[in-house]
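Only the coordinates and a few stated rules stand behind these numbers; no lab work does. This is a predicted model, so every value here is computed, not measured. Quick reminder, even Gly has a Cβ in these numbers, built from the backbone with ideal geometry, and neighbours come from all protein chains shown.
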Amino acid sequence: MTIMVGFHLSGYRTFKHYYLNDVLKYQRPHFPGLVSYHRFVELMQGSLVPLCCFLTSRFGQCSGISFIDSTKIRVCHNQRIGSHKVMAEFAARGKTSVGWFYGFKLHLVINDQGELLGVKITAGNVDDRDSLPELARSLSGKLFGDRGYISQTFFERLWEQGVQLITKVCKSMKNKLLPLFDKILLRKRSIIESVHDQWKNISQIEHSRHRSPVNFFVNLIAGLVAYTFREKKPSLNIRLPQALPAVVA
């Protein structure tokens, strides 16, 4: 587990190069029982459940201000969807604002300090709103999301749980009054996009070289765990105000 998490903090682009050029050469004193690369890849599958448990223990605390979003995790290029077999049993075609993809969706909730509060992985064709009840189960206060989370049914359900779902309105919808503080936080929702950027560009949770579904999930969860150890996370330095006027959303 330590080696897999360390890979996402190492700056290497591929795990093979990291293991052969760093772990085997320089980290033997820390891991005296190291095996060959191919054997290690086989053993990785047994770490999925422990990694999931460890990730849960690394979640932060809800501060009353949370952000929810999803990001695509492609498993192959669109031109190779027809011939892709490794993830055929789990992955699905999905669509985002930038186009179609084949793979999974990673749904997540963070607080205003950039700490993970909840994570869920679904097939690419799953509606973002379907993950709301599970991800918001342990939340309180305000939850900010994009237009993909607009739903009166889910709004009422979360309201009963003590969570206020706040989203931007569609062009065809009537404007609604929002406190100025909520309006400002809604514009700061891009903080969660910065988290996605770290996972995909600094860590290596998205690539098309996997040969095993289990190892795909192991790599993904290890990348999420690695993020929780980063000292500098995207965050908002804010304090709850006593009272601010309402504005039109």
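Could you work out the percent of alpha carbon pairs in the range 1-128 separated by over 20 Å, rounded to a whole number?
For the range 1-128, the fraction of Cα-Cα distances above 20 Å is 62 percent.
Kindly put ILE191, ILE202, ILE110 in sequence by how many other C-beta atoms sit within 10 Å of each C-beta, fewest to most.
ILE202, ILE191, ILE110
Could you compute how fast the range 22-95 diffuses translationally, taking Rh as the Kirkwood radius over C-alpha pairs and applying Stokes-Einstein at 37 °C with viscosity 0.692 mPa s? Give it in µm² per second.
So the translational diffusion coefficient is about 193 µm²/s.
Which of VAL169, VAL109, VAL225 has the fewest other C-beta atoms within 10 Å, and how do the rest follow up to the most?
Least crowded to most crowded, the residues run VAL169, VAL225, VAL109.
For helix 213-228, what angle does its Cα long axis make with the longest principal axis of the chain, in degrees from 0 to 90 and rounded to 10?
The answer is roughly 60 degrees.
How large is the convex hull of the C-alpha atoms of the chain per residue, in Å³?
138
Cross-link candidates for LYS85: which lysines have Cα within less than 16 Å, leaving aside residues fewer than 8 places away along the same chain?
none
With 14 Å as the cut-off, how large is the P(r) tail for the range 118-161, expressed as percent of Cα-Cα pairs?
Tail of P(r) above 14 Å: 47 percent of Cα pairs.
With θ set to phi - 60° and the Karplus curve 6.51 cos²θ - 1.76 cosθ + 1.60, what are the ³J(HN,Hα) couplings of the range 51-61 in order, to the nearest whole Hz, using x for Gly and Pro?
My calculation for the range 51-61 gives 5, 4, 5, 5, 4, 4, 6, 8, 5, x, 9 Hz in order.
Cross-link candidates for LYS95: which lysines have Cα within less than 19 Å, leaving aside residues fewer than 8 places away along the same chain?
Excluding near neighbours in sequence, the set is LYS72, LYS105, LYS120, LYS200.
As an exercise, identify the GluC sites (Glu not before Pro) in the range 74-138 lying in DSSP coil whose Cβ has no more than 12 other Cβ atoms within 10 Å.
Within the range 74-138, the qualifying GluC sites (Glu not before Pro) (loop, at most 12 other Cβ atoms within 10 Å) are GLU89.
Spelling out what I want: for every residue of the range 185-191, take phi, set θ = phi - 60°, compute 6.51 cos²θ - 1.76 cosθ + 1.60 (Karplus), and round to whole Hz; glycine and proline get x.
Running phi through 6.51 cos²θ - 1.76 cosθ + 1.60 with θ = phi - 60° gives 5, 5, 6, 8, 5, 5, 4 Hz.
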